[in-house]
Every structure is written in C-alpha cells, then in structure tokens.
Amino acid sequence: MSDPAIYTQDGTVDHTGKPAIKAKTGTWRACPFILGNEGCERLAYYGMSTNLVNYMKYRLHQSNAVAANNVTNWTGTCYIMPLLGAFVADAFLGRYRVIAVFSAIYVVQGMTLLTLSASVGGLRPTCHDNQCHANDGQVAVFFMSLYLIALGTGGIKPCVLSFGADQFDDADEYEKKKKSSFFNWFYLSINIGALIASSLLVWIQENIGWGWGFGIPTVAMAIAIISFLAGTRLYRNQKPGGSPLTRIAQVLVASIRKSRVLVPSDKSLLYETAEEESAIPGSRKLESTDEFTFFDKAAVETEADKIKTHPDPWKLCSVTQVEEWKSIIRILPIWATGIIFATVYSQMSTMFILQGDKMDRRVGSFKIPAAALSLVDTLSVIFWVPVYDRLIVPMARRFTGHDQGFTQLQRIGIGLVISIIAIATVAVVEIKRLEQVRIHDDYDLDSIPMSIFWQLPQYFIIGAAEVFTVIGHLEFFYDQAPDAMRSMCNALALTISALGSYSSTLLVIIVTHITTTNGKPGWIPDNLNYGHIDYLFWLLAILSLINFVVYLFIANWYKYKRPTGNCK
C-alpha cells in the first residue's frame, strides 16, 4: 500500500495515471480551475436560458402556455441527459475526459448554432413592427441548437461537481472536512455566473439584440473549457469502475437465482474479497446492512460457488457489490421528495417572469426586463452561502454537535420548509396584483400600476431555500453514493430538476385543460389579468406541504452508508 503521508488513499491518480501525490495535486490548489469552469459554464447556460421564454414568446410567436412548456421540456432534457454522461464517465472514460469531450459539443455545435440562429439572416425570425414570425426551418435550427446544448450539458453537469469533490481525499480527515465547504463554494460559483447572466445578458438581449445576447454566453463557454484544461496537471482522477448497471444487474440476477437460499444470521459469512481493498476500482468496501436482506442472497456462498476458482459474478456477488445496490434503493425515496421542490423552483423561469411582465417595470426612463429579477435569487444565494458556511454552521454545531452543523437530511428538510413559504409568498403577490386589475377595471392593460419590486421577496426566499435543499442534495448524493457510482448518483440528483420541469409542464397542461372548459379563460390565459395563476401557486404550496410531511418519515427511516478500508 502507498505511503498515506505522501499519496492519496482514495484510489485517485494524477494526469499520467500514477498515484496522486498529496502535496502536488488536488485540494484547493486544483479547485479554482474547476470553480472557474463551472462559473463560466453556468454564465453560458443561464445567459441563454434565463430569458428563453420571452425569446420563444416574442421571436417565435408562441403563446404563454406553449412557450412555458417548451422551456420546461428543454430544461428537463438538460437534467435527464446527465444520466448518459455519468454512465460513460463512471464506466469507461472517467470524469475528466467526459467533461472535456461534452464541453466541445456544448460550445462548438450547440452554442455556436444558437448564436447563428438568432443573428444570421435566413436563420433568424423575420420581424416587422415588433411582430416576429419564424418559419419551420428557423424553428428547427433553433431547437436543434437547444438540444445539442442539452447533450453537451449532459456530460458536464454530473461530472464537474463529483470531479471537484474528488480533489479531497476521503481517507484524510483534514481534507474530508474541507470537502463540505467545497459544495457551498461550488454552488456560489454557479450563482456568480447566473448573476451576470440574469442582469447584464438579459438587458443585452432585450435592448441590443439576441445575437449579442447569445454570442456572449458562447464566448463564456469557450473560456470555461480553457479554465478546465489549464488545471490538468493539478487534478486527481478517479479511475472508472466499470459499468455500474452491469454490477446492479448481477446482484438482481444472483439474488433471484438464490431466492430459496437462506441468508446466514452472521453477516461475516457472506462473500467478500479477501483483500483489504475492494475489487471494484475507485471504491472502498461497504459493511453489510440489515435492510433489504433479500439481496444479501446474492452474497451467500453455496457449495457450487466454493468449488470454483473464480466465482461467476452472475451467481455470486461481493457484499460491497450488494451494498452498492442497497445504497441506491435507500437514496431513491429522498430523490423522489425533491421533485415537488424542483417543480416550485422551475416556476422562476416561467410563471414568475410572466407574472412580472404584467407588472410596472419602469424605474424612471428605464424598463426592467422581468427575467432580470431572477438575479435577486442569485444575490440571495451569494448572500446565504457565506452566511451559512461561516455563521449558521458554527452556531448550529454548538447545539447539534455535528461537524457540518446539520446532517445532510436536516439541511434538505429546512430548505423544503423555506420553499413552502416562498411559493405562498408568490401567491399573495398575485392576489394583490389581481386586486389592482379589478380596482382599475382595465383587464387589457399591458402592465398594471403595481411595481415589479413586489416580486423581490419571493426571489430572495427561494434563494435561501436553494442554499439549504439544493446544496444539501449535492452533498447528500455525492457522499451517500457508492464510490464508483458517484457520477451516476449526481446525475440522479440532477434528474430531480428534470422531473420538476416535466411535472411543471404536466401540471400546466392539466390545469389548462380542466380550467378552460365551457369557454372559460382558465387559470393561465395569454392575458394573465383574466386568469388566476394564484390558484396554481396555492396548489403548489399544498403539494409542497404534503411532500414535506412524507419527507420527514423517509428521513427518519434513512440509514447512512458505512464504508470501510481503502480504494483500489
């Protein structure tokens, strides 16, 4: 075994494939390049996505419901594609190579084509007297670029966070404590990029042009790639552990084949490799747990297994391999409770903006883009991250005795409560807005005399919810994932956002269908002055409350994983 004072003990290697030297690689000496990459990539992503609903509405001439659904469908795809990138990273290429390859797809094909679709004659929509129309070919090019971006982001999203956390050795207690702060500062870098996007770039898109508004994010993405590659010599790299799906399938098949075999009460009799290190590259051994004991049958050695020099992995699996699958099963209920939170969060890029469009956006002679208020959410995160890291955690530590102040599940739960307050605040603002419509008795006003700054609290509160729940999810899914499946589990966490977006789409479709019967305008008409999106917000608040109650039961049941030994 390598000297723990010189080399990392978590199985990481340097860029040449040799064991990583602690004094020359990883920790905060490598992280600035990763955080710089993430900040620029998020600037690119939010720079073209923050105001996307207005581009579709005013340039592609789509209705409110269609534009909102197109945005949430595309956003959902951006958060589903990481399953592909994560599988390739964990099974074959490793995180570093996947980030590099998919980043090239992102900027060279996706972002560049999007910029051309908004700036080059023949590709961009035709506009006369503030009325724009796009032909089928122009719409096709636009959506092709969007979904190429979704493919590109599928390789970056699940790997960058895990790759950054890999820079801290889990076997070193000092480095492990530093890792928790990394998750906070990682999310801060995301929001610094989002801050620039939701302020400067939204203004450029609405006042200078969409060509520039999409072109600048393209340049930012190119800078992101350069930042990432610049740190190559400093990175610690986890070796790919082989297909995680194959290992899961082997456990399922072996446990079914041995369904009639009894599991011994002494768990030490279950099959495990004799070496201190796990047979799975990049993974520590896991202790056997008492839940889901049916799958322990896969690790029971029969007489037929013992006579073989090399056991058939489809008939006999190690305890660590079985516990990998159990870890995934335990994570899934926590994952499911995040979907309603993500549905609430997705309203910020659709219904919040449409609500703001119908409010007074003037400040003197300047007219604030409704999408620009999302920067308040970003500022809220930028405010709360250092407050949480430097003030809340030390204070909480005194009461809880926990190194991080709160357990990961406690942190997530606090954020769920804050999100309920946030969506209830949005509903109250909409009630007040509709009151102003009735008072002035003019339902066709483009904007009613109620300042858009009434939206500030809802953005600020939902930013606080993010710092607790979203960062809590990031840390939870990395920490509780099997070592050789961390990209996959991070991708699983990202699908929360995908399903939240799809759930929002489904909710809008159902609500629109039910509330527009018999010629009624419904809750979400093109002119929101005739609608009742406050009912939609109250519905989300009720669903969030039910979800939180369910979460409490699941969190109380959950058992944290117990790794042992070192990585191979």
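The values are calculated or read from the model by the stated rules, or taken from the named source; none is laboratory data. Please read all numbers here as calculations on a predicted model, not as lab measurements. A quick note on method: Cβ atoms are made from the backbone with ideal geometry, for glycine too, and the neighbour counts reach across all protein chains shown. Note: areas computed on protein heavy atoms with side chains; ligands, DNA, RNA excluded. Shrake-Rupley method; radii C 1.70, N 1.55, O 1.52, S 1.80 Å.
A few remarks follow.
- The residue pairs whose first member lies in the range 93-110 and is within 17 Å of residue 148 (Cβ to Cβ), whose second member is open to solvent by 20 Å² or more (accessible area, probe 1.4 Å), and whose beta carbons are closer than 6 Å, counting only pairs six or more residues apart or on different chains, are 98/88; 103/225; 105/151; 107/222; 109/148; 110/148.
- When the range 194-222 is filtered for residues that are at pLDDT 85 or above and in contact with an Asp or Glu (Cβ under 9 Å, 6 or more places away or on another chain), the ones remaining, listed by number, are 213, 220, 221.
- When residues of the range 436-454 are limited to those that are within 22 Å of residue 363 (Cα to Cα) and free of Cβ contacts under 8 Å to residues at least 40 places away in the same chain, the one least open to solvent (accessible area, probe 1.4 Å): 436
- Of the residues making up the range 450-484, just one is in contact with a Phe, Trp or Tyr (Cβ under 9 Å, 6 or more places away or on another chain), among the acidic types (Asp, Glu) and more than 17 Å from residue 385 (Cα to Cα), namely 479.
Let's see how each residue does on (1) within 30 Å of residue 288 (Cα to Cα); (2) touching a helix residue (DSSP H, G or I) at 6+ places or on another chain (Cβ under 8 Å):
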{"residue": "481", "(1), (2)": "yes, yes"}
{"residue": "513", "(1), (2)": "no, no"}
{"residue": "516", "(1), (2)": "no, no"}
{"residue": "519", "(1), (2)": "no, no"}
{"residue": "522", "(1), (2)": "no, yes"}
{"residue": "525", "(1), (2)": "no, yes"}
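- Within the range 342-358, the only residue that satisfies the criterion of being farther than 13 Å from residue 533 by Cβ and at pLDDT below 85 is 349.
- Within the range 344-364, the residues that satisfy the criterion of being small (Gly, Ala, Ser) and either touching a residue at least 24 places away in the same chain (Cβ under 8 Å) or closer than 17 Å to residue 58 by Cα (or both) are 346, 349, 356.
- Flag for residue 480 being over 32 Å from the mean Cα position of the chain (by Cα) and surrounded by fewer than 22 Cβ atoms within 10 Å (Cβ to Cβ): no
- Among the residues of the range 225-276, those identified as within 18 Å of residue 312 (Cα to Cα) and in a loop (DSSP other than H, G, I, E, B) are 242, 243, 258, 259, 261, 270, 271, 272, 273, 274.
- Some residue of the range 250-264 being over 30 Å from residue 167 (Cα atoms) and of a type in the set (Ser, Thr, Tyr): yes
- Conditions (1) out of contact with any helix residue (DSSP H, G or I) (no Cβ under 6 Å at 6 or more places or on another chain); (2) of a type in the set (A, V, I, L, M); (3) crowded, with 24+ Cβ neighbours inside 10 Å; number of the one not met by residue 66: (3)
- Test: residue in the range 549-563 that is under 22 Å from the mean Cα position of the chain (by Cα) and crowded, with 21+ Cβ neighbours inside 10 Å: yes
- Qualifying residue in the range 191-201 (condition: surrounded by fewer than 17 Cβ atoms within 10 Å (Cβ to Cβ) and farther than 30 Å from residue 404 by Cβ): yes
- Per-region count, the range 117-154, residues part of a helix (DSSP H, G or I) and out of contact with any Pro (no Cβ under 8 Å at 6 or more places or on another chain): 19
- Qualifying positions in the range 207-220 - assigned to a helix (DSSP H, G or I), surrounded by fewer than 20 Cβ atoms within 10 Å (Cβ to Cβ) and over 24 Å from the mean Cα position of the chain (by Cα): 207, 211, 212
Residues checked against (1) of a type in the set (A, V, I, L, M, F, W, C); (2) surrounded by fewer than 20 Cβ atoms within 10 Å (Cβ to Cβ); (3) at pLDDT 85 or above:
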{"residue": "52", "(1), (2), (3)": "yes, no, yes"}
{"residue": "58", "(1), (2), (3)": "no, yes, no"}
{"residue": "72", "(1), (2), (3)": "no, no, no"}
{"residue": "81", "(1), (2), (3)": "yes, no, yes"}
{"residue": "93", "(1), (2), (3)": "yes, yes, yes"}
{"residue": "110", "(1), (2), (3)": "no, no, yes"}
{"residue": "129", "(1), (2), (3)": "no, yes, no"}
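- Qualifying residue in the range 172-186 (condition: over 15 Å from the mean Cα position of the chain (by Cα) and assigned to a loop (DSSP other than H, G, I, E, B)): yes
Residue-by-condition table, conditions (1) in a helix (DSSP H, G or I); (2) aromatic (Phe, Trp, Tyr):
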| site | (1), (2) |
| --- | --- |
| 295 | yes, yes |
| 310 | no, no |
| 316 | no, no |
| 322 | yes, no |
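- Exactly one residue out of 324, 301 is among the acidic types (Asp, Glu) and either farther than 27 Å from residue 26 by Cα or open to solvent by 20 Å² or more (accessible area, probe 1.4 Å) (or both): that is 301.
- Residues satisfying the stated conditions in the range 515-542, i.e. at pLDDT 90 or above and open to solvent by 60 Å² or more (accessible area, probe 1.4 Å): 535, 538, 542
- Among the residues of the range 50-69, the ones that are touching a residue at least 60 places away in the same chain (Cβ under 8 Å), farther than 21 Å from residue 194 by Cβ and not small (Gly, Ala, Ser) come to 6 in all.
- Under the condition of being assigned to a helix (DSSP H, G or I) and under 25 Å from the mean Cα position of the chain (by Cα), the residues counted in the range 386-423 number 23.
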